[in-house]
Amino acid sequence: MKITFPHFGHTGVALETLFSKYGVECIVPPQSNKRTLSLGVKYSPEGICLPYKVLLGNMIEGLELGADTVIDVGGPGLCRLGYYAKLHESVLRNMGFDFQMLVFDWQEQGIISLARFIRDLIAPHTPWRQVIADIRFGLFGQLVLMDELEKRVHWVRAREVDKGAASAIWRTAPGRVAAARDAASLKKVRQDLFAELDALPRNDEARPLKVALLGEFFVAIDPFSNMDLEEELGKRGVEVNRAAYLMNWAKAWLFLEAVGLGHGHKVKRAANPYLKRDVSGDAMQSVGEIILHHKEDYDGIVHVLPFTCLPEIVAQNVFPKVTHDYQIPVLSLIFDEQMGRAGFLTRIEAFVDLMERRRWQRAS
Ligand code: SF4
């Protein structure tokens, strides 16, 4: 069996380690690039959202490299995510690929379907306890570490003296974390990476602008889809606090939300005066997080959404009222394959100027 999976946040780090423990070959597609996107666009229905196209492009590249099994994501059917997997599978079969498809529906079965897959198809004689421990290591060891490192990188980037130094270390993280096969080696990787980041020369007197990044989940966490937005803001001395992280989200959905203790309940309460019902996707989060971040005294909000993403378009229509009531600037960036880099950078620079002026006006 040769497994491939699209790049969905850093899940590939954990999946690569997990499958290699069971002797299964992983075909990791190249990091998303122009070719990935043009393949995705070429074989996608017109007008479908950007995440669908990027994920399809990843799968095509994985299958071209010889994979015979594809892992895809599924989800609740309110927006297009509900039919991503079925459509991906039918497009890939029409292209002539021969493969088996494994879909993780995070709301229906979540992690259980991954455990079942390993037990039933890969390692039938491995005790359940071992399978669960291996999955736990990937989720709560490797992926939690990737989230923690990324948050630290955002903090350091806004203060570093040599611009780009934190990003250079961050680029080595996925490979180093994926190579850690047990708790002891993961601990060592954690210590090394944090020590390298902390050793970078930085300006501790700086009071960087603080921006909250929110919006559609995939575009928010995928640097290829959002044109390295966080790095570009960091280069301009802006500290980014992203609302969505893979493991925060997984922990919330798998455990805390179920018992009413998750951050999602706070977000819903905050959004309620403006958006009464869940319109699917991350719209409720986008509206609620603006209000919560305003209370934490952020300088601005960057809202990202794929072109034609209905839930975020609904959120965007609520924003004028929210931003009027809370007096916080919001920059909405819409991403698709037509987005040009020059225009994107100009808009970021103008927004940074606006936030600086606002801070100065408030101080005086
Ligand atoms: S939330 Fe938007 S971008 Fe994401 S799958 Fe749904 S429609 Fe597409």
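The values are calculated or read from the model by the stated rules, or taken from the named source; none is laboratory data. In this text the structure is predicted, and so the values were computed from the model without any measurement. For neighbour counting, all protein chains shown are included, and Cβ atoms are generated from backbone atoms with ideal geometry for every residue, glycine included.
Restricting attention to the stretch 337-348, which residues are surrounded by 12 or more Cβ atoms within 10 Å (Cβ to Cβ) and either outside any loop (DSSP other than H, G, I, E, B) or over 22 Å from the mean Cα position of the chain (by Cα) (or both)? Give the steps one after another, and end with the answer.
Within the stretch 337-348, the first condition is being surrounded by 12 or more Cβ atoms within 10 Å (Cβ to Cβ), and the residues that meet it are 337, 339, 344-345, 347-348.
Within the stretch 337-348, Phe344, Leu345, Arg347, Ile348 meet the criteria.
Check Val322, Val304, Val287 and return the single one that is more than 24 Å from the chain's Cα centre (by Cα) and buried (at least 20 other Cβ atoms within 10 Å of the Cβ).
Details: Val304 fails: more than 24 Å from the chain's Cα centre (by Cα); Val287 fails: more than 24 Å from the chain's Cα centre (by Cα).
Only one candidate passes the filter, namely Val322.
For the stretch 117-129, give me the residue count where each residue is more than 21 Å from Thr11 (Cβ to Cβ) and assigned to a helix (DSSP H, G or I).
The qualifying residues number 2.
Determine which single condition Ala115 fails, assuming it passes every other condition in (1) buried (at least 19 other Cβ atoms within 10 Å of the Cβ); (2) assigned by TED's automatic domain parsing to the domain that holds Lys21.
So Ala115 meets the others, but not (1).
Is it true that some residue in the stretch 19-26 is hydroxyl-bearing (Ser, Thr, Tyr) and touching a strand residue (DSSP E or B) at 6+ places or on another chain (Cβ under 7 Å)?
Applying the first criterion (hydroxyl-bearing (Ser, Thr, Tyr)) to the stretch 19-26 yields 20, 22.
Subsequent filtering for residues that are touching a strand residue (DSSP E or B) at 6+ places or on another chain (Cβ under 7 Å) retains 20.
Yes: one or more hits.
Could you identify the single residue in Ala178, Ala206, Ala183 that is assigned by TED's automatic domain parsing to the domain that holds Ile328, closer than 30 Å to Phe351 by Cβ and among the small types (Gly, Ala, Ser)? Steps first, answer last, please.
Working: Ala178 fails: closer than 30 Å to Phe351 by Cβ; Ala183 fails: closer than 30 Å to Phe351 by Cβ.
Just a single option satisfies the conditions, and that option is Ala206.
Only one of these conditions is not met by Gly215: (1) within 16 Å of the ligand (Cβ to nearest atom); (2) within 19 Å of Leu139 (Cα to Cα); (3) among the small types (Gly, Ala, Ser). Which number is it?
(2) is the only condition that Gly215 fails.
Would a scan of the stretch 248-266 turn up a residue that is of a type in the set (Val, Ile, Thr) and at pLDDT below 85? It would help to see each step written out before you state the result.
As a first pass, look at the stretch 248-266 and keep what is of a type in the set (Val, Ile, Thr): 259.
Applying the additional criterion that residues be at pLDDT below 85 yields 259.
Within the stretch 248-266 (the criterion being of a type in the set (Val, Ile, Thr) and at pLDDT below 85), the answer is yes, since at least one residue qualifies.
Are there any pairs with C-beta distances below 6 angstrom linking a residue in the stretch 210-233 that is within 25 Å of Val279 (Cβ to Cβ) and assigned to a strand (DSSP E or B) to a residue that is polar (S, T, N, Q) and within 15 Å of the ligand (Cβ to nearest atom), with the two at least 6 apart or on different chains, and if so which?
Qualifying pairs under 6 Å: Leu214/Ser286; Gly215/Ser286.
I need the full set of residues from the stretch 31-54 which are within 19 Å of the chain's Cα centre (by Cα), surrounded by 18 or more Cβ atoms within 10 Å (Cβ to Cβ) and away from the ligand (no atom under 16 Å from the Cβ), in order please.
Answer for the stretch 31-54, where residues must be within 19 Å of the chain's Cα centre (by Cα), surrounded by 18 or more Cβ atoms within 10 Å (Cβ to Cβ) and away from the ligand (no atom under 16 Å from the Cβ): just Thr36.
Specify which of the listed residues (Ala133, Ala67, Ala123) is touching a Cys at 6+ places or on another chain (Cβ under 9 Å) and aliphatic (A, V, I, L, M).
Numbers: Ala133 fails: touching a Cys at 6+ places or on another chain (Cβ under 9 Å); Ala123 fails: touching a Cys at 6+ places or on another chain (Cβ under 9 Å).
Only one candidate passes the filter, namely Ala67.
Name, by its number, the condition in (1) of a type in the set (A, V, I, L, M); (2) under 21 Å from the mean Cα position of the chain (by Cα); (3) buried (at least 21 other Cβ atoms within 10 Å of the Cβ) that does not hold for Val28.
Only one criterion is unmet by Val28, namely (3).
Which pairs do you get when a residue that is within 26 Å of Ser44 (Cα to Cα), found in the stretch 328-351, comes within reach of a residue that is among the acidic types (Asp, Glu) and assigned to a helix (DSSP H, G or I), reach meaning Cβ atoms under 9 angstrom, with the pair 6+ apart or on two chains?
Here the result reads Ser332/Glu312; Ile334/Glu312; Phe344/Glu232, each pair linking the stretch 328-351 to a residue that is among the acidic types (Asp, Glu) and assigned to a helix (DSSP H, G or I).
Residues are listed down the side, and each one gets a yes or a no for (1) modelled with pLDDT under 95; (2) within 13 Å of the ligand (Cβ to nearest atom); (3) closer than 23 Å to Met1 by Cα:
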position	(1), (2), (3)
Asp72	yes, yes, yes
Gly75	yes, yes, no
Tyr83	yes, yes, no
Lys86	yes, no, yes
Phe99	no, no, yes
Thr126	yes, no, yes
